[in-house]
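All remarks here apply to the structure that follows.
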Amino acid sequence: MPAPPDWGTPPWRVDVDIAPSAPPARCDVAVVGGGFTGLSAAYHLAQRGVGVALLEASRLGSGASGRTGGIVLEGTAVGPMERVEHCLDALADIVARERIACELRLGGCWELTHRRESDSRGRLWRDGDAWLCVSDTVPGGTVDPGALVSGLGRAARDAGASLHEDARVLAIEPGRPARLRLAHGTVEAAHVVVALNGYTAALLTLPIRLGAALTLALGTDPIAEAALAELGLGDATPFYTIDLPYLWGRTTADGRLVLGAGLVHGADVSCVTLHDADAGATLDRLEGRVARMHPILARTRIVARWGGPIAFTPQRTPVLSRLPGASSVMVYAGCAGHGVALGVRVGQLVTEAIVDGVPLPSWGALPGAPQE
């Protein structure tokens, strides 16, 4: 499903040449969704000699992957779990192997807490009536998401995967083979991988509640190195708060500060826009909050406002499962903001399941999913 044009423009650019072409009538694996997970799955499957077609409704990275803030974290939103304990290594390996120039930095990520004046160790900036202070450094870092999408797209294409934009899947008819109905024609596939995250409910009915929302972000003009150092951001370490009010942020290679906070919910996230009163008010509050944190930030111009879809389950554990009643269909969704490195690793896991028969991890199984 194409992203609405009024979700704003992030500071990342997806630049990969995908020649227009009709999807094949048949393939071994059909991958639905052209973000980190779908591209990783297409790449790893093609590397194993599998005939794979990736079907993207709009453009590669037009959903969450091209609109994320680009903070890279380990594991899942609920911590490391079986076979996803080393997602950062998986990401770094493919970036190095395919020479993807995406400014990947894995020097750690700060966890921040709000502390009162009497307990302001490691403080950074004032946030309301408390100080934002560094409480821990966890594995993680930053990446240029647009460049990563582009690199994964080129790697998948060069490995032999066929990539198709403007190829929205309208319905999936389970079976052996499964049948995917598109606006123009159908595709039959022995296996289907659905990697739509926040758009999953538009295509599949799941036996659990999958929430979706638009997460909001701001981008500044470039900030001088001396000013970044005064802000405590001289080494470009990203951060997020582990208490409320929530805030995350990072710097870019050209010295811009990217900050985010706030979710805008809707029955259909694709219908939520930045022009909605709720989204506009949330971004206005975020701008005011940032300006009050430090004199440098008060003088720094905000030049970008945008949003991107996010999805989560009630327990924040992602879904990674075969579809109940349709064992040929695998679904991954609900990464809850931990989707960059995790998505790349999930692409490996679904490849191992399809090619080698390795069961998917049990933590992501849907109720009623077929036993592997």
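Per-structure values
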item	result
Residue in the range 146-163 that is buried (at least 17 other Cβ atoms within 10 Å of the Cβ) and in a strand (DSSP E or B) present	yes
Every residue from the range 328-361 that is without any contact (Cβ under 8 Å) to a residue 60 or more places away in the chain and open to solvent by 10 Å² or more (accessible area, probe 1.4 Å)	Glu352, Asp356, Gly357, Val358, Pro359, Leu360
Some residue of the range 215-222 being of a type in the set (Asp, Glu), modelled with pLDDT of 95 or more and in a loop (DSSP other than H, G, I, E, B)	yes
Condition met for Leu104 (at pLDDT 95 or above and buried (at least 24 other Cβ atoms within 10 Å of the Cβ))	no
In the range 123-145, the residues that are of a type in the set (S, T, N, Q) and either open to solvent by 10 Å² or more (accessible area, probe 1.4 Å) or outside any strand (DSSP E or B) (or both)	Ser135, Thr137
Matching residues in the range 1-41 - criterion: being over 25 Å from Ala101 (Cα atoms), at pLDDT 95 or above and either open to solvent by less than 20 Å² (accessible area, probe 1.4 Å) or not hydrophobic (A, V, I, L, M, F, W, C) (or both)	Pro23, Pro24, Arg26, Asp28, Val29, Ala30, Val32
Of the criteria (1) closer than 25 Å to Ala201 by Cα; (2) in contact with a Gly (Cβ under 9 Å, 6 or more places away or on another chain); (3) of a type outside the set (Lys, Arg), which one Leu286 fails	(1)
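The values are calculated or read from the model by the stated rules, or taken from the named source; none is laboratory data. Bear in mind that the values here come from a model prediction, so they are computed numbers and not experimental data. Every residue, glycine as well, gets a Cβ built from its backbone with ideal geometry; the counts of neighbours run over all protein chains shown. For the accessible areas, the whole protein counts, side chains as well, though only heavy atoms, and no ligand, DNA or RNA atoms are used. Shrake-Rupley method; radii C 1.70, N 1.55, O 1.52, S 1.80 Å.
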